[in-house]
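Have a look at the structure below, then the notes.
The values are calculated or read from the model by the stated rules, or taken from the named source; none is laboratory data. What you are looking at is a predicted structure, and each value in this text was computed from that prediction instead of being measured. Cβ placement follows ideal geometry from the backbone for every residue including glycine, while neighbour counts extend to all protein chains displayed.
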Amino acid sequence: MEMTLRKATTADAGAILELVNGLAADQIMLPRSPASVIENIRDFVIAEADGEFAGCGALHVVWSHIAEIRSIAVPTGQRKTGLGRRMVEHMLAEAEALGIARVFAFTYVPDFFQGLGFDVVEHASLPHKVFQDCLNCPKFQQCDEVAVERVLREIDDDPVRGPLSRPLPGVPLPIIGR
Ligand SMILES: CC(C)(COP(=O)(O)OP(=O)(O)OC[C@H]1O[C@@H](n2cnc3c(N)ncnc32)[C@H](O)[C@@H]1OP(=O)(O)O)[C@@H](O)C(=O)NCCC(=O)NCCS
């Protein structure tokens, strides 16, 4: 079977939504709205097996030095064939090309990410900007996902300073526990 990766087009939105929201219905990952997939279609990489849709993943730039891996999924029948790893490696390479220093994800499968060089981190160690989308999440205030992060390069400080770029002492995060 020939496995390939390619950038998504808007024609992939239906397959992405079916896969991601099918898994979300089983509480395996968070759902995506059609608008959020279409508006962010340039974030997505598509995996194909013999030319057929076989998975997706998205790299979303959150701040000047940090990006999030979202909505990574492979259909049940295609798993454990290396597609998930290839998509993560592809997105890490994209992140490096964009000048990103840290790539994180919120996940229920930390072991998968740890096998790809990610470390489990405290939610509170991530910059405030990261939590903007949490306001729209059905699990807001009761997040049970594990935060994982891969540091691509060490940076002394945020290259674009701003109030949303780093945790602020004394300001509560919108997420309680994990
Ligand atoms: C997580 C997921 C994307 C992995 O995709 P995949 O194509 O099966 O992964 P790969 O075949 O590339 O596996 C890469 C490595 O991770 C391991 N791995 C795969 N799934 C794993 C899991 N659920 N838990 C722990 N390790 C896992 C594999 O054994 C493999 O290890 P190896 O290199 O030592 O052999 C896939 O299981 C999936 O779609 N899960 C449901 C959706 C989900 O949970 N997505 C994550 C949301 S953040």
Across segment 101-141, the tally of residues that are on the phi > 0 side of the Ramachandran plot and either surrounded by 14 or more Cβ atoms within 10 Å (Cβ to Cβ) or in contact with a strand residue (DSSP E or B) (Cβ under 6 Å, 6 or more places away or on another chain) (or both) stands at 1
query = Before we move on, is residue 39 in contact with a strand residue (DSSP E or B) (Cβ under 6 Å, 6 or more places away or on another chain) and either surrounded by fewer than 20 Cβ atoms within 10 Å (Cβ to Cβ) or of a type in the set (Gly, Ala, Ser) (or both)?
reply = no
message = Please determine whether any residue of segment 43-52 is at pLDDT below 95, touching a helix residue (DSSP H, G or I) at 6+ places or on another chain (Cβ under 6 Å) and either buried (at least 20 other Cβ atoms within 10 Å of the Cβ) or not in a strand (DSSP E or B) (or both).
response = no
Flagged in segment 49-107 as over 30 Å from residue 154 (Cβ atoms) and aromatic (Phe, Trp, Tyr), in numbering order, are 53
Here the residues within segment 6-31 that are buried (at least 18 other Cβ atoms within 10 Å of the Cβ), at pLDDT 95 or above and not in a helix (DSSP H, G or I) are 8
Listed by first then second residue, the pairs whose first member lies in segment 70-92 and is within 10 Å of residue 47 (Cβ to Cβ), whose partner is assigned to a helix (DSSP H, G or I) and near the ligand (Cβ under 7 Å from one of its atoms), with beta carbons under 9 Å and at least 6 positions apart or on separate chains, are 72/84; 72/112; 73/23; 73/84; 74/83; 74/84; 84/112
Checked segment 66-121 for anything among the small types (Gly, Ala, Ser) and in contact with a Leu (Cβ under 9 Å, 6 or more places away or on another chain); matches are 67, 71, 73, 84, 95, 101, 117
Being within 25 Å of residue 143 (Cα to Cα) and aliphatic (A, V, I, L, M) narrows 20, 45 down to just 20
- Might you check whether a residue that is within 12 Å of the ligand (Cβ to nearest atom) and of a type in the set (Ser, Thr, Tyr) occurs anywhere in segment 109-129? no
Checked segment 70-87 for anything of a type in the set (Gly, Ala, Ser), more than 6 Å from the ligand (Cβ to nearest atom) and surrounded by fewer than 23 Cβ atoms within 10 Å (Cβ to Cβ); matches are 77
